[in-house]
Structure formats: C-alpha cells, structure tokens
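The values are calculated or read from the model by the stated rules, or taken from the named source; none is laboratory data. The structure displayed is predicted, hence computed values, not measured ones. Positions of Cβ are generated from backbone atoms using ideal geometry, with glycine treated the same way; all protein chains shown enter the neighbour counts.
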Amino acid sequence: MAGPSSWSFQESDSHRIDELLRDFLRDSNARCALLVDRSGQLILSVGEPPQFDPAAFASLAAADFSANDQLASMIGEPEFSSLFHQGEKESMYLADVAKRLILVVLFDDRATLGMIRVKVKAVVRELNTIVTEIFEKASADSDTPHLEASWADEVEDEIDRLFGSW
C-alpha cells in the first residue's frame, strides 16, 4: 500500500462516503457495506449492523483479499479486483478501492449478483475518486518542511554544552 500508513477521514469525507454507500445499499438491495483498509482495520460500516464481530471480520476480509492477490499472481494476473463468495443464504462481494481499501458488500436473496456487480462497479468508481483525494490531501499535509538534521545536531550540541556539567 503506497502513501501514508496513518490517515483519517475529515468529517466531510466521511459524510460523502456514508451517503454514497447508503444510496448503494438502497439501489442494490444489499444488507450491509463495510469499508476495510488493506491491513484489516474496519473504516466504516453502513446498513444493517452485522451479527458478528465487525473488527474480526474486517481482518479476515483483508486477509482473504491479500491471499487472492497472491493467487492472481500465481496464475499470471496482476490482481483480482473483486471477489465473490456465495453461501446458502448469505453472500459477500469484495472489491478493491483505489488499491488502498476493500469494499465488502453483504447481501442475501433480496439482491442478485448481477445487480450487486453493476452497482459495485459504479460505487467503486466514485469511492476511488474520494479515497484518492483523501490520500492526496494527507500526502500534501505530510510534505510540510522538516527541520534539517544539521540544525537538530547544533541544538543538541548546545544543550550538551549548557547542561554538560550536571
């Protein structure tokens, strides 16, 4: 994962993402959408509250996505941009967002896989834009000038001279 390893949403970003995912859930009939970072941290959950530990689920979803990246590499693909797991009653669809996050969609028989795929494609496009903007802002903030090492060394030497006899 490129870019800052530590980042956060501003309230306006969080609101945009929350609204986008709520619209997605309404339009697709999915039950829940979770946004997970590649390290397994749950960023956001929208829709029906999961009946399981969302933090543990986020960690497993990230590991699943990472394992599938390795499988893709083994067969000569650079990556799998999405994954689908179908259960008897519940299914999930995972999609890459800006190579930084994973959108996890939980759905049941109220939604069809075809509808989920179509709607995920559109929402991921918008999420890519938002997430890229967030990371560009974070990167710009981290580009502030830092103190030169020589200046820090001079300060340390001066402190040693002042307090050296203690």
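Modelled with pLDDT of 95 or more and out of contact with any strand residue (DSSP E or B) (no Cβ under 9 Å at 6 or more places or on another chain), is that true of residue 156?
Answer is no for this residue.
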*Could you tell me which of the residues 63, 55, 98 is among the small types (Gly, Ala, Ser) and surrounded by 14 or more Cβ atoms within 10 Å (Cβ to Cβ)?*
98
*asked:* I'm told residue 110 meets every condition in (1) under 30 Å from residue 138 (Cα atoms); (2) at pLDDT below 95; (3) among the basic types (Lys, Arg) except one. Can you identify the failing condition by its number?
replied: (1)
*In the range 73-97, what residues are in contact with a Ser or Thr (Cβ under 9 Å, 6 or more places away or on another chain) and of a type outside the set (D, E, K, R)?*
84, 85, 93, 94, 95
*Just one of (1) without any contact (Cβ under 8 Å) to a residue 12 or more places away in the chain; (2) under 16 Å from the mean Cα position of the chain (by Cα) trips up residue 76, so point out which.*
(2)
*List the strands (runs of 3 or more DSSP E) that sit entirely inside the range 9-107 and contain at least 1 residues that are closer than 14 Å to residue 131 by Cβ.*
32-37, 42-47, 91-97, 101-107
_Just checking, does the range 67-81 include any residue being among the small types (Gly, Ala, Ser), in contact with a strand residue (DSSP E or B) (Cβ under 7 Å, 6 or more places away or on another chain) and within 16 Å of residue 29 (Cβ to Cβ)?_
no
*Look at the range 13-33 and say how many of its residues are surrounded by 15 or more Cβ atoms within 10 Å (Cβ to Cβ) and touching a Gly at 6+ places or on another chain (Cβ under 8 Å).*
6
*Which pairs do you get when a residue that is within 15 Å of residue 15 (Cβ to Cβ), found in the range 113-137, comes within reach of a residue that is at pLDDT below 95 and exposed (fewer than 15 other Cβ atoms within 10 Å of the Cβ), reach meaning Cβ atoms under 8 angstrom, with the pair 6+ apart or on two chains?*
134/10
*Please indicate, with yes or no, whether at least one residue in the range 103-115 is surrounded by 14 or more Cβ atoms within 10 Å (Cβ to Cβ), of a type in the set (Gly, Ala, Ser) and in contact with a strand residue (DSSP E or B) (Cβ under 9 Å, 6 or more places away or on another chain).*
yes
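For (1) over 21 Å from residue 15 (Cα atoms); (2) of a type in the set (Ser, Thr, Tyr); (3) surrounded by 17 or more Cβ atoms within 10 Å (Cβ to Cβ), each residue gets a yes or a no:
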residue: 40; (1), (2), (3): yes, no, yes
residue: 45; (1), (2), (3): no, yes, yes
residue: 51; (1), (2), (3): yes, no, no
residue: 71; (1), (2), (3): yes, no, no
residue: 76; (1), (2), (3): yes, no, no
residue: 87; (1), (2), (3): yes, no, no
residue: 93; (1), (2), (3): yes, yes, yes
